[in-house]
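Quick note: the coordinates plus some simple rules give every number you see, no bench work behind them. No experiment lies behind these values; they were computed from the predicted model shown. Quick reminder, even Gly has a Cβ in these numbers, built from the backbone with ideal geometry, and neighbours come from all protein chains shown.
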Amino acid sequence: MPDPVNTELLLRETEILEDLARRAQDDGGATEEVSRELRDRYCRWYEEVLLDLPDELGKRFREQYEGNLAKPRIKQYVREPQKKWLLYNKVPAPLRAHGPWQYPFESCFLDPFQEQKHILTVASRHTQPRDRMTDTLSLLTEISYRLPMAISILHRPIHGRAGLSVDDEYDLQRILHALLTLHFEDVRPEETTPSKAGGSYRIDFLLRREKIAVEAKMMRRSLTPRKVGDQLVRDIFGYDRHEGVEGLFAVIYDPERRIDNPRGFESDLSKRDSSFPVHVVVAQG
């Protein structure tokens, strides 16, 4: 994970790089020294950031640099910021909106650079030590695998009194909430994410200090394994940019063993080597 101090320095460097890049395409006539300094400083910054990024974010970061012939990006800009567009005086005026440059500052540098800054900012939020995240996920896994045993005990009648039944996800959530409060100090039920792509998402539980969202799902006749998988994909999409969430844990209670291959199901949906780890457990009765 990124080092917090180093990340802060890298974020500060972006202000210098943006200023150099803007000056490198100054109509007043940028010097070769400005362009050379931009190339040298950006390349050092780029390589250093990549060393700290996980693979998934690193791929997105590189895409903003590489570009292609149809969509030039930072790589082309820092090499030739002063290169003129040969067809500038030969095309209709409406097509000259981006100016006389082959690689305009706004589209070829500033826009992708802003995305790179965003990626670095996202990575900086994931400075929680990996062993702490791993320990929390391991504890949640242990709790989840014992969940059917706990439910079985609660279901038994005692001294003439009926046991507790678990008929749907709401019953499951109540039991899980009680178990979580035994192990974690700050458990927030029904946390709502900021609106994204037309809607917000409700998290069953948020472990505030650990920054992990916890989802509880219960298999039933109308809920197929495929539907559960689709729901989890939407959950990941919804929680990924929540500032208080750095990982997702999902427990799927399957009392009737509707999932034929539980370990394979877990493996397919879990994402361990990721900037946003997802851990799925199938707890069968």
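For region 222-285, what is the charge dipole size about the Cα centre, in debye to the nearest 20, if Lys and Arg each add +1 at the Cβ and Asp and Glu each add -1 at the Cβ?
Numbers: 9 positive and 11 negative charges, 34 e Å.
The dipole magnitude comes to about 160 debye.
Here the extension length gained between D135 and D167 equals 8.4 nm, from 0.36 nm per residue of separation less the Cα-Cα distance.
How many percent of DSSP beta bridges within region 223-285 run antiparallel, rounded to 5?
Working: 1 of 8 bridges.
In region 223-285, approximately 10 percent of DSSP beta bridges are antiparallel ones.
Structure note, pairs K84/K117; K59/K211; K217/K271: Cα-Cα distances above 20 angstrom occur for K84/K117; K59/K211.
Can you list the residues of region 54-85 with backbone N under 19 Å from a point 7 Å past the Cα of I16, pointing along Cα to Cβ? In region 54-85, the label zone of I16 (backbone N under 19 Å from the point 7 Å along Cα→Cβ) covers 78-79. Calculated on C-alpha atoms, the gyration radius of region 133-282 divided by its Kirkwood radius gives an Rg/Rh of 0.97.
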